[in-house]
1. With a bin width of 10 angstrom, please list the P(r) values of segment 448-526 as percents of all Cα-Cα pairs, from the 0 bin to the one holding the largest distance.
2. Considering only Cα-Cα distances, which of the following residue pairs are longer than 21 Å: LYS436/LYS478; LYS718/LYS759; LYS214/LYS237; LYS739/LYS763; LYS727/LYS763; LYS687/LYS759?
3. At a probe size of 1.4 Å, how large is the accessible area of GLU396, to the nearest 10 Å²?
4. Suppose we look only past 19 Å in the calculated P(r) of segment 661-783. What percent of the Cα-Cα pairs does that tail hold?
5. Divide the volume of the convex hull of the Cα atoms of segment 728-771 by its number of residues and quote the answer in cubic angstrom per residue.
6. What list of ³J(HN,Hα) couplings, whole Hz, do you get for segment 142-154 from phi and the Karplus terms 6.51, -1.76, 1.60, once you set θ to phi - 60° and write x for glycine and proline?
7. Using only the alpha-carbon atoms, what does segment 419-488 span along each of its principal axes? Please give whole angstrom values in decreasing order.
8. Which links in LYS274/LYS363; LYS145/LYS211; LYS642/LYS664; LYS702/LYS724; LYS327/LYS363 stretch past 24 Å when you go from one Cα to the other?
Amino acid sequence: MNTTANYHPPPSSQPPFSDSDLDSDSDSENFQVGSDLSNSIFKTYLEFSSSSSSSSSITAVDLSKIQSFLTSSSSGALSCLICLERIRPSDPTWSCSSLCFALFHLLCIQSWARQSSDLSAARAAARLPITAETAAKQATWNCPKCRSSYSKSEIPRCYLCFCGKLRDPPSDNPWILPHSCGEICNRPLPNNCGHFCLLLCHPGPCPSCPKSVKARCFCGSVEDFRRCGFKNFSCNKLCKKRLDCNKHNCSEICHPGTCPPCRARETYRCRCGKKEEEKDCCDRDYRCENECKKLLNCGKHVCERGCHGGDCGECPLQGNRTCPCGKRIYEGLPCDGVAPVCGATCNKLLNCGFHRCPERCHKGSCVETCRTMVKKACRCGGLKKEVPCYQDLSCERKCLRMRDCGRHACKRRCCDGDCPPCSEVCDKRLRCKNHKCPAPCHRGACAPCPIMVTISCACGETHFEVPCGTEMDHKPPKCRKLCKIAPLCRHASTSKPHRCHYGACPPCRAPCEEEYPCGHKCNLRCHGPRPPPNPEFTLKPKKKKSNHQTECTPGTPCPPCPELVWRPCVGEHFGAERMMVCSNTTRFSCDNLCGNLLPCGNHYCTKTCHPLETQPSSSGHQKRSESCEVCNLPCQKVRMPKCSHPCSLPCHPGECLPCKVLVKRSCHCGAMVHAFECIHYNNLSEKDQVAARSCGGPCHRKLPNCTHLCPEICHVDKCPAPDKCSKKVTVRCKCQTLKKEWICQDVQAAYRDTGNDPKDIPKNQFGLGLLPCNSDCKSKVQEVESALQLRKPKVLEKKEPENEKHGPKRRKRRDRIQEGKQVSRFQQEFVASVKRLLLFIIIGAALIAVTYYSYKGLLQLSDWMNEVELQRARRRRSRF
């Protein structure tokens, strides 16, 4: 039985890595995409298996083929065995569905299958008595890797996904496995259980069925719910089935198949009953080595048969008897009498099958060699001669026909024309350039090298297989496991782990921090001992002894303390320190200002450098023997919470008094101004400040779509629901004869229905012309329209200077902002057009450069191909 193990998808969280590993994160994006693809492919299968009541865990072997394909695909190691080129996600492919499930280019496998089937048909037509058409129909071709046989009708015609449902599957979706349709596989599962595969369209064999079924063990004594793929199980108890002897029971542990032969030891007699031996129960019916020798019915002869059971039968010499040649019959001859010869010619057919015995009737067998002279021809037909019938005729001529390989002559003496297959080894160098073809000499291309090379990381946990010959084009996989080499420096417990790697471990980047006797710590990068490095990555180990360093690198001792410290002068002035080595304790004096902190705690002493004698006090602070100057500057501290008002006190220690200055803030609608204490207003939250600034009255701001004011309480931001104004508006017809009262929102809706924006309607014409005129006021409408047309330009000319002179400040400010916006828009459009022009110029130059260098490269490639053809022609001439 297969051993099972729980399958866990790749974890989503990773432990912290060192800086060297973080630099290579961009190289491992394909690995993360591969993990996402495996999660999406196995999701349905794992969910169904986890919800199953079966006690069997998911078999890692079931999913290993698909996982290996994903690892190879994500690392770019998927190659075609025929052309040894990398299989890209957009390349049409075909996969073997028999044993190996290997992936090939569609064009490569089509060419391979046609050549193999044509060669097979040619061989069959040459060796078998069939026509060429029949041989072509019965021709087969083999998978290049597992050599599974396929018929000629199974040559792939089109590019299908792995499950075979979709033709030309897409290759531009990064979240779908390449060469897959992304749908559920739905292929029948192995063992013909009646269920279908639940994975997404995938390479490799479908895993075992995860559904739960009720099944019995092999011996039938235990019934349990099992996964359908593993429903055949053993209860690990004694089988106890009745054996073939119908006497004993099976003593084996519950097992599949038929029970073994019964091995119970007992004493049994042979068939004739003369010998008695201890045998296994399955060997109880045996025959001894003695003859029967029982007296027959005639009473004169004994049975000459071997050990047997039952009656010996009649005497074979009783009844009518004949002479040795069978021509004369003797009746009434006793069984102990000898039948005489008749004297005639024997005339029995000899062993050759053509001639008869020329001797007289005789006892015993006829002569074995027929010596009749006949004219025979050798097998190749080149020699004819009279020889005895028993003698074979062959000549010494060697066959010069070419064998089916087309490379070697037959060279068999006196060949009958049916030359045997070539027995030489092909020994041609395969395309992998590492091995030679081990098959017998053949015609056509050699089969691809079936050897797969495993490329693994340093620890061997992460690996993938590539076809032989492509291993030099691949790098070792990026392993997500941690390096197992423990650091030897003092930072081993705190150092960041790093991933598996080849070669030496990255150096420890932590500071040394080893303490000197002076109290300082070494600030150099860690220079402790380093562990022995891993060997460098190589596919072919060198024959010479490797110089791999197996010993650790010892660390270097810390240098003398290089720490530079500031030594103060005798007055302990902060501006006069000198940089000295830690061990140098020489003191000095300077001419700088004192620089000690004054009692105010904000400023420093400006006296000339003077010595200070300090004495420790009971509180731990130091008392100076000479006092510094008194600070007379005003307070320059920044108040908290922050405000723009300076403190009115002189320079003082501690916090400033709360700011009591009154600040003015207008309400949201601008109707009134509030006065607040600075400390009180700044301590309020943003929400409380908004509430405090509200005047509590109507908003008094004009609505944007009509001539009314906002009815809401003083609020922040824009007025809510300007389209829902509920004020009453007097609506008139064009001649102003008819009038009605409408709600403002209905008036706005009426304007929108007519295609006008309510914002563009002047205040004195708001609601005018919405009512239809009746027949009485049609003439009046015409008069009003003519009057309006005459008066409209004059009104505009008169109103424009009034608006400029007496317009509100907000409107003027708004006009200025709009003018600035128009200028800025023009600048933006100009800059954008310049950028577009530069972009077009750059793209044009790039296209010209690409075209030039492509043309130049094609010329160089053509020259190189011509040189290669010339070299090949020279080699062919040199061979002939």
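1. Pair shares across the bins are 16, 31, 22, 15, 10, 4, 1, 0.
2. LYS436/LYS478; LYS687/LYS759
3. Using a 1.4 Å probe on the heavy atoms, I get roughly 130 Å².
4. 59
5. 62
6. Rounded to whole hertz, the list is 10, 5, x, 9, 8, 6, 5, 8, 10, 7, 5, 6, 8.
7. Extents along the principal axes, in whole Å: 71, 18, 15.
8. Over 24 Å Cα-Cα: LYS274/LYS363; LYS145/LYS211.
The values are calculated or read from the model by the stated rules, or taken from the named source; none is laboratory data. Everything numeric in this text was worked out from a predicted model, so none of it was measured. With ligands, DNA and RNA removed, areas are computed over all heavy atoms of the protein, side chains included. Shrake-Rupley method; radii C 1.70, N 1.55, O 1.52, S 1.80 Å.
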